[in-house]
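Trainee: Structure incoming, see below.
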């Protein structure tokens, strides 16, 4: 009677891994399918950018960097790339300080008013990009009588990136201990000096992350630039214009450049913005 009683628990424990295996396998399989679905088109674009022959089909006969050499030798591509870099830098340099000022201002108001103002700040995210681009184009041409230019496009980039910067800086300012500023003021520091020497160094990682995120948004922005930049094309607009005429691996090379740039900026932004205060 004792031996069967002792053997029963051993059979139960040996069956548990078999029952739990499908429960662990299905979520992992689902996540894997989603990842493949999201990144397969990007992988295809990058792979064909290194195809040595001008044919967008399998099998790939060999790998080469000839398409990158050709597009980087094109003056039009270099101009578009320089415009994208300029727009990204200016967007980051303007959206960053504005985001810090807005986050500090949101902290100074009541909680109810803070929610109202945050809702207003998030409107550019909720409004479709096409409507925002059309509205900016109509405002420039109708109210300001101004033609499309890179400067006009940069204003649109700032409007689009600013909500993300404000959200990032609002989280950083919320976690900041304002008692440190009060202590600095008690020791004789002015308001600006206390901000520069106490608050700014502590929120600097979040600020750098927010500025990198703004740069990534500017580099990748297409719709607003198409409606407001006029003839001063950035890299996404140039890719769109050339894909209307023909499709060849040189377009994959340009798209790969855009993918690498935005991915690096986004990863750096995430790394800096997640630093604990």
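Only the coordinates and a few stated rules stand behind these numbers; no lab work does. Not measured: the values here are computed from a predicted model. Note that we place each Cβ from the backbone using ideal geometry, even for glycine, and neighbour counts take in every protein chain shown.
Trainee: Distance between Cα centroids, region 65-116 to region 217-241: provide it in whole Å.
Mentor: 13
Trainee: While we're here: For region 101-216, treating each Cα as an identical point scatterer without solvent, what Debye log10 I(q)/I(0) comes out at q = 0.10, 0.12 1/Å?
Mentor: -0.42, -0.57
Trainee: Which semi-axis lengths, in whole Å and largest first, follow from the square roots of five times the eigenvalues of the Cα gyration tensor of region 74-273?
Mentor: 36, 19, 14
Trainee: Can I get the semi-axes of region 155-272's equivalent ellipsoid? Compute them from the C-alpha gyration tensor as square roots of 5 times the eigenvalues, in angstrom, largest first. Intermediate results must be reported in sequence, preceding the final value.
Mentor: On the way: eigenvalues 333, 41, 18 Å².
Ellipsoid half-lengths, sorted descending, are 41, 14, 9 Å.
Trainee: Would you mind putting 244-257, 150-163 in packing order, based on average other-beta-carbon counts within 10 Å, highest first? Walk me through the numbers before you get to the answer.
Mentor: On the way: 244-257: 18.2, 150-163: 22.5.
In descending order of packing, they fall as 150-163, 244-257.
Trainee: Starting from the coordinates of the alpha-carbon atoms of region 210-269, obtain the Kirkwood hydrodynamic radius over all distinct pairs and give the value in Å to one decimal.
Mentor: 12.2
Trainee: If you bin the C-alpha pair distances of region 58-158 every 5 Å from 0, what whole percents do you get?
Mentor: 2, 9, 12, 13, 15, 14, 10, 8, 6, 4, 3, 1, 0
Trainee: Of the peptides 87-93, 199-205, 39-45, how do they stack up when ordered by the mean number of other Cβ atoms within 10 Å, highest first?
Mentor: 87-93, 199-205, 39-45
Trainee: Hey, can you rank 221-227, 123-129, 169-175 by average C-beta count inside 10 Å, highest first?
Mentor: On the way: 221-227: 22.4, 123-129: 12.3, 169-175: 19.1.
Peptide ranking by packing, descending: 221-227, 169-175, 123-129.
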